[in-house]
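First up is the structure itself, then whatever we jot down about it.
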Amino acid sequence: KFSIVIAGGGSTYTPEIILMLLDNLDRLPLRSIKLYDNDEERQNHVAKACEILIKEKDPTIQYVATTDPEVAYTDVDFVLAHIRVGKLEMRSLDEKIPLKYGVVGQETCGPGGMAYGLRSIPGVLENIEYMEKYSPNAWMLNYSNPASIVAEACRRFKPNSRVINICDMPIGMEHTIARILGFKNRKEMCIRYYGLNHFGWWTSIKDKDGKEYIQDLIAHQLKYGNCLADDDASHYTDSSWFDTAKKVKDIIAIDPTMCPNSYFQYYLFGDDMVAHTDPNYTRADQVVDTREKRVFGECARIEKVGTAKDTTLQIGIHAEFIVDLATALAFNTHERMLLIVPNNGAISNFEKDAMVEIPCIVGKDGYEPLTVGEIPHFQKGLMEQQVNCEKLVVDAYEQHSYLKMLQALTLNKCVPNANVARKILDDFIEANKAYWPEL
Ligand code: G6P
Ligand code: MN
């Protein structure tokens with residue numbers, strides 16, 4: 001049986017991830033679940049409810065919520081890392097500062113993500129160091145954002161660490177693709193995909209007999225985006241994800257040869273995004289007012305009544321990759337999964353030392369990437385711009401360099417020119433005083 005620590009215990013996603021782990025004990029048997037956060041107050045919103053969820057499912061599983069890294073990281077097999085340095089409060093500024101200058105903020109690949117990256121890198125490295133000190137044989141399944149920048153920092157500063165960088169976005173999208181194409185389960189599909197995190201494309205969707213569906217998918221998306229039919233919102237309770245689902249129609253019209261990650265709406269249609277965003281109320285505010293209220297409220301209710309038997313909390317199916325990945329590492333299943341890994345020639349006409357998101361085979365020694373081959377000019381151009389922008393953020397962190405950060409923001413696809421880049425950077429520096437290295 002295995003022992004797990006969730007780093008970033010106070011996340012709104014924690015209870016849903018625990019429910020998912022508890023639902024999969026037959027695949028991944030657990031002896032211990034720990035929550036770790038450096039913010040006790042925030043973690044307390046979910047800690048007691050998580051204890052009740054676990055006790056009611058399997059009282060033999062040990063549980064602790066702690067702010068002590070030694071307690072958290074001692075005797076664990078898997079670290080599930082989803083930390084958010086600066087929390088949603090700082091995400092809000094990541095989104096709002098660029099908007100002041102008419103630029104879409106975007107908290108992962110846009111300028112907001114560059115600011116967030118500079119905050120995240122030291123936090124992620126610190127957690128890797130705890131793991132190496134207290135449980136050197138553990139694996140870290142890292143889905144802390146901004147995933148591409150964090151992955152580049154891991155490649156550069158912790159090249160031999162047992163860290164696997166992964167994102168839930170492709171899983172969510174594959175549920176949608178399966179629904180559109182009429183598959184019962186996304187695992188009935190064998191897919192090909194390449195790109196950077198939140199910045200890639202599906203190029204093939206085959207069934208078990210090898211029949212190709214990508215053209216059917218593209219034809220559907222050109223008409224309906226990621227909706228099942230015109231304006232069908234049945235799978236999107238969250239209004240901003242519904243808007244995204246519709247916007248995919250415009251994204252795919254730019255290149256109807258492959259199926260894009262919906263995040264391209266920010267890079268290709270920043271002007272439309274800005275026009276539809278209230279500069280004083282962004283996605284961060286929405287998440288606080290909806291997901292955070294809902295999850296923390298329900299956790300408080302569970303704590304009060306002392307039972308979770310009528311809970312409205314749901315299993316985080318978007319997080320099924322966690323069980324798949326941990327199971328693949330623990331039991332050598334050779335499952336095929338999309339991971340963020342050094343390119344190393346997998347995409348033959350792309351830089352070797354870029355962190356790319358591509359299919360890999362996962363077993364007990366880690367991952368083995370599959371080859372992709374040559375990619376077309378449009379995708380290559382977009383990816384080169386983005387990957388260099390992300391590398392510059394890591395340079396800025398490493399060298400405490402204002403100039404590198406200015407170059408990163410100037411290169412970012414969402415930012416129109418160097419004047420605006422400088423203004424955004426100067427505001428970011430002011431806002432991030434408590435988090436960034438001095439540039
Ligand atoms: C997807 C991405 C995550 C991202 C999340 C943002 O799940 O893969 O990396 O954090 O969306 O969603 P939110 O609801 O916080 O805007
Ligand atoms: Mn992601």
| Looking at ILE322, ILE347, ILE361, which one is within 16 Å of ligand 1 (Cβ to nearest atom) and hydrophobic (A, V, I, L, M, F, W, C)? | ILE322
| query | Residues THR203, THR257: which one is within 22 Å of the chain's Cα centre (by Cα), open to solvent by 20 Å² or more (accessible area, probe 1.4 Å) and polar (S, T, N, Q)? | reply | THR203
| said: Testing PHE242 on (1) of a type outside the set (S, T, N, Q); (2) at pLDDT 95 or above; (3) more than 16 Å from ligand 2 (Cβ to nearest atom), one condition comes back false. Which one is that? | reply: (2)
| Of (1) open to solvent by 70 Å² or more (accessible area, probe 1.4 Å); (2) within 25 Å of the chain's Cα centre (by Cα), HIS198 satisfies all except one. Which? | (1)
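Okay, residues lined up against (1) within 20 Å of ARG156 (Cβ to Cβ); (2) in a helix (DSSP H, G or I); (3) open to solvent by 60 Å² or more (accessible area, probe 1.4 Å):
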| position | (1), (2), (3) |
| --- | --- |
| LEU392 | yes, yes, no |
| GLU398 | yes, yes, yes |
| GLN407 | yes, yes, yes |
| THR410 | no, yes, no |
| PRO416 | no, no, yes |
| ARG422 | no, yes, yes |
| ALA434 | no, no, yes |
| said: Which of the strands (runs of 3 or more DSSP E) found entirely inside region 161-221 contain at least 3 residues meeting this: over 15 Å from MET337 (Cβ atoms) and modelled with pLDDT of 95 or more? | reply: 199-206
| Does at least one position in region 186-200 carry a residue that is hydrophobic (A, V, I, L, M, F, W, C) and within 16 Å of ligand 1 (Cβ to nearest atom)? | yes
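Among the helices (runs of 4 or more DSSP H) lying completely within region 276-343, list those that include at least 1 residues that are open to solvent by less than 10 Å² (accessible area, probe 1.4 Å) and farther than 30 Å from LYS208 by Cβ.
Ranges flagged: 283-287, 293-305.
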| query | Are any residues in region 131-157 part of a helix (DSSP H, G or I) and crowded, with 22+ Cβ neighbours inside 10 Å, and if so, which ones? | reply | MET131, ALA147, SER148, ILE149, VAL150, ALA151, GLU152, ALA153, CYS154
| remark: Checked region 344-370 for anything of a type in the set (Val, Ile, Thr) and open to solvent by 10 Å² or more (accessible area, probe 1.4 Å); matches are ILE361
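The values are calculated or read from the model by the stated rules, or taken from the named source; none is laboratory data. Just so it is clear, the model here is predicted, and its values are computed rather than measured. Quick reminder, even Gly has a Cβ in these numbers, built from the backbone with ideal geometry, and neighbours come from all protein chains shown. Surface accessibility is based on the protein's heavy atoms, side chains included, excluding ligands, DNA and RNA. Shrake-Rupley method; radii C 1.70, N 1.55, O 1.52, S 1.80 Å.
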